[in-house]
Structures are given as structure tokens and as C-alpha cells.
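Beneath this line is the structure, given in C-alpha cells, with notes to follow.
The values are calculated or read from the model by the stated rules, or taken from the named source; none is laboratory data. Everything numeric in this text was worked out from a predicted model, so none of it was measured. All Cβ positions, glycine included, derive from the backbone under ideal geometry; neighbour counts span all protein chains shown.
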Amino acid sequence: MVEHQGLVQAAEQLANCRQHDPYATLGPQALTSGGHVVRAWLPEAERVELVVQDQVLPMEAVHHPWLFERELPTDPGSTYQLQLLRGGINSRQYDPYGFRQEWMGELDRHLFAEGNHHHIWTRMGAHRVEQSGVSGVQFCLWAPNAASVSVIGAFNGWDGRMHPAQKRTGGIWELFIPGLGEGELYKYEIHTRHGHPYAKADPYGFHHEVRPATASIVAENRFAWGDEAWVRQRDHRNPLEQPIAIYEMHLGSWLHANAAEPYVEPDGTVRTPVPANDMKPGTRLLTYMELADKVIPYVKARGFTHIELMPITEHPFEGSWGYQVTGWYAPTSRYGKPDEFRAFVDRCHQNGIGVILDWVPGHFPKDNHGLAYFDGDFLYEHADPRIGEHKEWGTLIFNYSRNEVRNFLVSSALFWISEFHIDGIRVDAVASMLYLDYLRPEGEWLPNKNGGRENLEAVNFLQQLNGTLFHYFPGVLSIAEESTEWPGVTQPSSDQNRDALGFNLKWNMGWMHDMLDYFAMDTWFRQFHQNLITFSMMYYYSENFVLALSHDEVVHEKSHLLHKMPGDDWRKFANTRALLSYMWTHPGKKTIFMGMEFGQRGEWNVWDDLEWDKLQYPEHQKLMKMIDDINVLYQSEPALWGEDFNTNGFQWIHCDDNRNSVISFMRRDEKSRSWLVIICNFTPNPHKNYRIGVPLEGWYGEIFNSDAAIYGGSNLGNLGGRFTDPWPMHSYAHSLDLCLPPLSTVIFRHNHHGPDGGEGEAVAAVETTPGMDQER
């Protein structure tokens, strides 16, 4: 009678989704009287039979109409089957509760609890595995505050009563469901301690449905990589000593396809097109494979070394640009399947292009299927909105003080590099993580334990992130979008600098704002603001910087880069060429946003294509030609990148000629013993007989001129180069008498052998500056 009452109670808990220990009741159970009993939980079943070694034995519902059992003299093991009639349909299946192998072992749980299970995605999530020779899917979830967790999907009618999971130590829930395979839709139905049910997507899901649907999808990595040489080279060199020119792009608005144009998969399957959005009727998004066919040749032709993808981690809303993430372990299904994104990355690598992913560990949206209030309590976020919510963004902030939350995020970064061969991450909105009062008025934030505004837990998280990342992958990039003067963003944490964050690159936001302010003003007023051009070198060596002209600067009525410039069209293009070529010669790695390379006129619109029609006009073609050429020159000249972060790599010649808005400087590389002279004229007035001092006498070949006719300029130049005169200037014994074209950047390379080359240098100089055959 006692056993019966206990089983009745257990069955009621199963029926009401309040059972956290189904293994105690279901599956094979040893009887105190000897022998075994098999119990099966099968809601709505009309008849159930136990199939053991070809015997078909009827089962009875003794304690509850849905709890069936059969006594046996011996343990049947795991591989018995259940034959049932439900809804008029006969079927046979393995019993999930016959498979009890612990999936996440003691060491796994220990490492996860302390925040150091660096490859936690190999345990959490949905994995195709075999148990006792039977294939199925192993589900594993962290939800410590839940009263019960069920796996739901099309395979069980999305009914949370069907497949309750087993709770393990540490708030881990596990269930192996035999017979499931790749492509199955699933969610977790979580019942809270207060009795409320939530249907949640898998935080560790590797694939999710195309929005607006929100289920997770069982996915396997079947991809065969062909980029071994790329990865090996990447992991054995210092990226800071390499040329890096990054093309930042948003895949969904780079280009669309006609909605009527089908996509045929490699196996011949016709893909159902994914509509672009309501504002772009008659179009669809390109797939990862179509993007590979179009983006990679384009970026390669432009000479960029890397593509930086605005977040492709799964997200529900295009208008967030991908920065409100719901899937930290899945590329968005808008463009295809995970293996198709792997193929995109592989193609990039085989074409000499690295891939950087915008990664968002600072906040997450409140969508019902996401992380918010995940298990009926504040799990991934803080309970107190004064430290747990970005009200202006409508998002929640990760609770970095929880080991498991930090583990979730650190492992995500490693996942993208391990599983998708990503070459680096750009960490979004670092400042919002570092400061407790970020975008918060007085009285709406809480100080740290020391009374300060610094988020000490976020600092610890970022240090852990970068330390772990570079431990496994020393050759990758970790780039901080950090807009304040936090010390040591790109320095490793040490006893001397406990606040250092350990990134290896940081966006130079100050340079970006100074440049855009300077170039937006009328050229006559620039003489009063020379400091905007030169100030960056006052602080430059405090961090390892990336010069970035990003997507944030070409939206929200800020105008695109071309139309930030003053004057008529000729001056707009000349200013754009001058800015971009100065950027490429200034110390630091480079990033520009898509569309800048050909002079897009309208602001970036996430719902539309880039303005590709502009390339029918010569001035846009010529600007793009300049980008192509300066990228080739940049990669071929170690002086422009080899010592970006060494004071030896840069030296002013003269930076105080504010009356003419002219600057001149040198770039050097000790290893290759190469050096260049760069002169920039930021007014529309040409300067003939402009003299600058140089350290060595001889011939200086003009190897680049942004005013060349082939770039849309006036074609003023220096007849291919100049010999020095024994005329002391700028503390040097020799000087050059130059013609400075209007609104231009001009680059010279020294050659001891004169214009005839001797070593071929002068010939290369003339050939890389077509049109520079006259001074006028």
C-alpha cells in the first residue's frame, strides 16, 4: 500500500510536470521482493506492450492510467522496446528511461560550477550520440531553480508531460531520447517553483529556426575543413606584426536576391527562400553559399585582409543589427545551416581572408524564448535592475559574478574559434560592461564594494575571457570596442596593472571622432584645428589600436562617409580619398564599413542593399580603385604595419604647419629596413615648391598619390619622384622640394640608386602611381 501511494504521487507529479527525478520511478527498477519491474510513462496511450528479446509482454496501468508496468525476473537492460497504441496509431520505440548513463560527469560539473569548463558546449545542448548501441539525442541543460524540465518538440506534440528530464547535481538536467536525429525541432519546457511553465530555446543550441519561429534544431558538425594551412600559419605568428585591413559588413544588407530566384543546395534540394523583410518586397536574403560566391571575390579584389561580420549569432530582429542575441552558439539560420557557414569561413581562408565575428557578451534581449528569467528566477541576469538592465536598450545585463554565466560566455568565444575557425572576435560595447553607471542617471545605479563605478565582476570576466582565448589560440584577434580611457585594455593583467583587460587590439574611438569632426568642417577652418589631426599620436602608444570608421558613424542621420565631407562633389571625393589614404598610412590596423570603399551616398539601411548602382558612375569606380591600390601597397610595404605598436615605426617630420593644413611624417620597419615618407595636404589649395626635410639624400620615388587621375583627382604630382637638395630643414641635412596636390596624401619611398632603380624600386614606384607623369 505504501509503495502504491508513492507511485500514485509520483505519477501525479509526472502528469503535472512537477517531477525532477523520473529515474526513481521510470525504467527498470529493482524490487525489494526480488526481480525487476519496468515502468513506462506514456500519456494518452491506450495499450502498451513490453518487447524484450522478441517477447511481447502486456503492460498494465496499475497506479495511474498513463503509468504502465511489467514485472520481470531479471533486469532487461536498456534496449527493450515499448509497443503502444495511441490515437489509433501503433508504434514501437525505445524507452528513454531505460538509458541512465550519466552524461555530465563529476569533473564536468565541478569545472562548470567554478566557471572553468572551457569546452562546455561538448556537454550542454543537444548531441547526437549512441547509448548501448542505440542512437538518439542527449539533452543537457543548466536550470538550477526549475521545479521540472521537459524536452518538447514535434516528436512528442510539444507536450511537456511526455519527456521529463532528470535533475543532476549542480542544477543540471539530462535526458537521452532514443530515435531522434539531426533536424529535430525542440525546446525545453521549464516549470518554475511557482508552477509557471516557460518554453525556452536551448541556450547552447547549435541551430535555431528562422525567425519569427524560435525552436532549437538538433544539428551535427559534418563539415570537412580545407583550411589547415591557414589555421596553422595563423596560430604560429603574431597578428600585431601583420597587415590587417578589415571590411566590416552586415550580411543581410550587403546584397539581396530576387525572391523568385530559388537557391539549390549542393545535393539538389531547392531551398525555400527566406524573405528579406517587409520593407524590401520581392527580395530574399542570400544564403551563406551565395554570399561566399559574391562576397569573397569582391573583398579579395578590394585587397582587404579580413571580413568583420556584424553579429551572425542567432537573433530574432533584423533591426537590432544582430546585437540582441538569443543564440550564442549558433550562426543565424537566416542565411542557412551551420555547416554552410563553416563552408563560408573555409572559402574565406582558402582565398587568404580572415573572418572576425562581432560578439556580444554585454547584454541580452527580453524575448520570451531567450535567457530572461530562464528557470523562473534571475539566472543569467541580476535581480536588481539598477545593475541588471539597460533601460535605453531594453536589454538585460549578464550576471558576471556567477561562475556558470561567465563559463557560458567564455566557452561561447572559444566555440566560434574551435568549431567555426573564426580568426577573432570584436567584443561589442565594452564600456557598457565596465561602468556601473553607464547610461544611468544618478540614483539609478549601485556602486561596487569599494564605492566606485567600476564593474569589478565584468573586469574579471574580460580578463578570464582573453586569458583563456589566447591560451588556446595565441594567433587570434580579440578586439575591444571601448570608448573610454580605461587603462590597459590591450595589456595583460598583472600585479602592476590589475585592471588591464588583456585584449590585443582596441578600436581607436578618439581618432575616429577627431577625424570625422576635422573632415566635416570647411577646409578654411581646418587651420584652426590642426590638433585634431595630430592629437592621436599623443596617446597612440598607450594601447594597440585599430583605426575604425564603423557602421555606427553612417546611420541615424549622421550621413555616410562621402556626404560628411564639405563642398561640391569633387571636394567630397577628394576629402574622402585624403582621409582614407591618411588612415592607411597612420599607425594602427584598419577597419572601414561596407559602402565606404566606393562612396555610398545614402546612410546605411539595414533593410536595403548597398547602393551598387553608384558603381555605374566613374567617380565611384575611381574611389574604389584607390582602395584596391592602397590595400595592395599597404600589404607590400612592411613600414606601414610591421611596427604599428613600436615607437620606432612612426616619426613626425613636420606636424605644425596649420596655416597650410599640411602634415608630414615617416613610417619605418626595422626588420625589413624599409621606410616611407608621407605628406598630407588637407586643403583644396595645391602647394608647389613645398619643402620638407628628410634623413637621407638621394631619390624619393612617388609610389602613391590620392590625387591621381585614375582615382578621380586633378593629377598633380612630382614627375615620379624627387632628388634631395643639400638644404637643411626640419633638423635634417637634406630636403625635398615637392608639389603637394590638393586634398591629398602622397607617399614616397627612398631609393639610393635613383629613378632608374637599380633594384627595381623606381620602376615599381612609377607603375603603382599611374597618371603621375606630369606636374601641372
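Among the candidates T591, T523, the residue that is β-branched (V, I, T) and either in the same structural domain as N660 (by TED's automatic domain parsing) or under 29 Å from R659 (Cα atoms) (or both) is uniquely T523. When restricted to residues that are in a loop (DSSP other than H, G, I, E, B), surrounded by fewer than 18 Cβ atoms within 10 Å (Cβ to Cβ) and out of contact with any strand residue (DSSP E or B) (no Cβ under 6 Å at 6 or more places or on another chain), segment 449-466 contains 4. Can you tell me which residue among G183, G226 is without any contact (Cβ under 8 Å) to a residue 60 or more places away in the chain, in a loop (DSSP other than H, G, I, E, B) and over 19 Å from the mean Cα position of the chain (by Cα)? Answer to the selection: G183.
The residue list D522, D514, D499 contains one member that is over 18 Å from P239 (Cα atoms), modelled with pLDDT of 95 or more, acidic (D, E) and surrounded by 15 or more Cβ atoms within 10 Å (Cβ to Cβ), which is D514. Based on what the data block shows, is A260 free of Cβ contacts under 8 Å to residues at least 24 places away in the same chain, farther than 29 Å from D628 by Cβ and either out of contact with any helix residue (DSSP H, G or I) (no Cβ under 7 Å at 6 or more places or on another chain) or assigned by TED's automatic domain parsing to the domain that holds T395 (or both)? Judged against the criteria, A260 is a match.
Would segment 477-497 turn up any residue that is closer than 27 Å to E241 by Cβ, touching a residue at least 40 places away in the same chain (Cβ under 8 Å), of a type in the set (D, E, K, R) and not in a helix (DSSP H, G or I)? Yes - at least one qualifying residue is present in segment 477-497.
Conditions (1) in the same structural domain as L743 (by TED's automatic domain parsing); (2) outside any loop (DSSP other than H, G, I, E, B); (3) at pLDDT 95 or above; (4) among the basic types (K, R), marked per residue:
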residue: R667; (1), (2), (3), (4): yes, yes, yes, yes
residue: S672; (1), (2), (3), (4): yes, no, no, no
residue: I679; (1), (2), (3), (4): yes, yes, yes, no
residue: I692; (1), (2), (3), (4): yes, yes, yes, no
residue: E697; (1), (2), (3), (4): yes, no, no, no
residue: I703; (1), (2), (3), (4): yes, yes, yes, no
residue: N715; (1), (2), (3), (4): yes, no, yes, no
residue: L719; (1), (2), (3), (4): yes, no, no, no
residue: R722; (1), (2), (3), (4): yes, yes, yes, yes
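Here the condition is being closer than 27 Å to Q527 by Cα and either of a type in the set (S, T, N, Q) or in contact (Cβ under 8 Å) with a residue 24 or more places away in the chain (or both); of R691, R668, it holds for R691 alone.
Per the conditions (1) surrounded by fewer than 20 Cβ atoms within 10 Å (Cβ to Cβ); (2) in a helix (DSSP H, G or I), the sole criterion not satisfied by D346 is (1). Per the listing T287, T332, the residue uniquely polar (S, T, N, Q), more than 23 Å from A229 (Cβ to Cβ) and in contact with a helix residue (DSSP H, G or I) (Cβ under 8 Å, 6 or more places away or on another chain) is T287.
Tell me yes or no: at least one residue of segment 6-15 is at pLDDT below 90 and either assigned to a helix (DSSP H, G or I) or farther than 26 Å from V151 by Cα (or both). Yes: one or more hits. Here the condition is being more than 26 Å from R211 (Cα to Cα), of a type in the set (A, V, I, L, M, F, W, C) and outside the structural domain of E182 (by TED's automatic domain parsing); of I387, I397, I356, it holds for I387 alone. Set side by side, the residues L72, L31 differ, and just one is touching a His at 6+ places or on another chain (Cβ under 6 Å), farther than 30 Å from F415 by Cβ and outside the structural domain of Q138 (by TED's automatic domain parsing), which is L72. Across segment 429-441, the number of residues qualifying as under 21 Å from the mean Cα position of the chain (by Cα) and surrounded by fewer than 22 Cβ atoms within 10 Å (Cβ to Cβ) comes to 3.
The number of residues in segment 421-453 being without any contact (Cβ under 8 Å) to a residue 40 or more places away in the chain and touching a Pro at 6+ places or on another chain (Cβ under 9 Å) comes to 2. Filtering segment 467-476 to residues that are under 18 Å from H119 (Cβ atoms) and surrounded by fewer than 21 Cβ atoms within 10 Å (Cβ to Cβ) leaves G467, T468, F470, H471, Y472, F473, P474.
Of the residues making up segment 143-152, those that are within 13 Å of A201 (Cα to Cα) and either among the aliphatic types (A, V, I, L, M) or surrounded by fewer than 24 Cβ atoms within 10 Å (Cβ to Cβ) (or both) are A143, V149, V151, I152. Residues satisfying the criterion are absent from segment 307-321 (criterion: polar (S, T, N, Q) and assigned to a loop (DSSP other than H, G, I, E, B)). When residues in segment 548-595 are screened for being acidic (D, E), over 21 Å from F535 (Cα atoms) and in contact (Cβ under 8 Å) with a residue 12 or more places away in the chain, 2 of them pass. One residue stands out in segment 530-544 among those that are assigned to a loop (DSSP other than H, G, I, E, B) and free of Cβ contacts under 8 Å to residues at least 60 places away in the same chain: the one that is farthest from D657 (Cα to Cα), namely E543.
Residue-wise test of (1) exposed (fewer than 14 other Cβ atoms within 10 Å of the Cβ); (2) within 53 Å of the chain's Cα centre (by Cα); (3) among the hydroxyl-bearing types (S, T, Y).
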| site | (1), (2), (3) |
| --- | --- |
| A45 | no, yes, no |
| E49 | no, yes, no |
| Q55 | yes, no, no |
| E60 | yes, no, no |
| H64 | no, yes, no |
| R70 | no, no, no |
| T74 | yes, no, yes |
| G77 | yes, yes, no |
| L82 | no, yes, no |
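Mind checking whether some residue in segment 243-260 is at positive phi, assigned to a loop (DSSP other than H, G, I, E, B) and more than 29 Å from the chain's Cα centre (by Cα)? No, there is no match, as no residue in segment 243-260 is at positive phi, assigned to a loop (DSSP other than H, G, I, E, B) and more than 29 Å from the chain's Cα centre (by Cα). If the condition is being part of a strand (DSSP E or B), among the small types (G, A, S) and within 22 Å of I177 (Cβ to Cβ), then segment 16-33 contributes only G27.
In the condition set (1) modelled with pLDDT of 95 or more; (2) part of a loop (DSSP other than H, G, I, E, B), E392 is compliant with all but (1). Looking at F374, F408, just one residue is part of a loop (DSSP other than H, G, I, E, B) and buried (at least 21 other Cβ atoms within 10 Å of the Cβ), and that residue is F374.
The test for being in contact with a Phe, Trp or Tyr (Cβ under 6 Å, 6 or more places away or on another chain) and buried (at least 17 other Cβ atoms within 10 Å of the Cβ) does not hold for G115. Pairing residues of segment 69-94 that are more than 30 Å from T32 (Cβ to Cβ) with residues that are among the acidic types (D, E) and assigned to a loop (DSSP other than H, G, I, E, B), at Cβ distances under 9 Å and at least 6 apart in sequence or on separate chains, gives L85/E46; R86/E44; R86/E46; G87/E44; G87/E46; G88/E46.
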